[in-house]
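Only one structure is covered here, and it is reproduced in the block below.
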Amino acid sequence: MIFTLQACTTDAHQASYEDFDHIEHWDDLSQLEGEHTIIYYYSPYCDICINLEQEVSGFLYDLKSSKEVFLIDAGMIFEQGEPDFHLNETVPALIIFKDQVFQEWIIGSRPVTDYLKAQLNE
């Protein structure tokens, strides 16, 4: 008996962190225009961020049509001004803005992925 294994195919976009616009200076936050903005705060040297790249990038890619989405590389923005809110340097995290106003930090891999999943289900 011969079994043929077929790979599962999916229409999901294979996104990576490089596929998204990055905020490179904290002053750039003043230019946000979206009603609901999600900023993924990560480090390319963080093992958790590396392991989450495909999953988080997929969620963010799917959310781009309904939300403003950006990324911030924590190492690249470290000395680039100061945000108008308390800076939490923990990665991975989400920085949430609504109507250009900072709302909250969502910190840690599980809270980040749970928040993104919930946004997809809205």
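Worth a mention:
- Single match in Asp11, Asp47, Asp28 (criterion: at pLDDT 95 or above, at negative phi and among the acidic types (Asp, Glu)): Asp47
- Met1 vs. criteria assigned to a helix (DSSP H, G or I) and at pLDDT below 95: no
- Options Glu104, Glu89, Glu68, Glu122: the member that is more than 18 Å from Phe20 (Cβ to Cβ) and touching a strand residue (DSSP E or B) at 6+ places or on another chain (Cβ under 6 Å): Glu104
- A single member of Ile95, Ile77 is in contact with a Phe, Trp or Tyr (Cβ under 8 Å, 6 or more places away or on another chain), more than 22 Å from Gln119 (Cβ to Cβ) and among the hydrophobic types (A, V, I, L, M, F, W, C), and it is Ile77.
The values are calculated or read from the model by the stated rules, or taken from the named source; none is laboratory data. The structure displayed is predicted, hence computed values, not measured ones. Backbone-built Cβ (ideal geometry, glycine too); neighbour counts: all protein chains shown.
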